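Taking it in order: structure first as structure tokens, then the write-up.
The values are calculated or read from the model by the stated rules, or taken from the named source; none is laboratory data. Bear in mind that the values here come from a model prediction, so they are computed numbers and not experimental data. Backbone-built Cβ (ideal geometry, glycine too); neighbour counts: all protein chains shown.
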Amino acid sequence: MDENLAPILDALTLNPLGFPVVPGLNAVYLARTSLAVRQLELIPSYRVWFRVDEKARRVHLLFVEMAPPEDMQTDDEPLF
């Protein structure tokens, strides 16, 4: 799981405000990985929910989960 989330965590260090805010939730952002196939292994899509404290320049991870099957996306699908 750590290896699959590494690109998202790297992106959060570079530009956490570049991710979409979750509609209906105050200042909660959502980052997602895409469904992928690596060699013969299916890598599920993950969702990372987080908040950003701009003053302290910190990202607070709230929740990490494997996306449910109906929410898994490939690279060419929109987030919302």
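Would you confirm, using the coordinates I've provided, whether Glu77 is modelled with pLDDT under 95 and assigned to a loop (DSSP other than H, G, I, E, B)? Against the criterion (modelled with pLDDT under 95 and assigned to a loop (DSSP other than H, G, I, E, B)), Glu77 qualifies. Of the residues making up segment 31-47, those that are in a strand (DSSP E or B), of a type outside the set (Gly, Ala, Ser) and under 13 Å from Leu5 (Cα atoms) number 4.
Summed over segment 35-73, residues that are surrounded by 10 or more Cβ atoms within 10 Å (Cβ to Cβ), of a type outside the set (Val, Ile, Thr) and closer than 18 Å to Leu14 by Cβ total 6.
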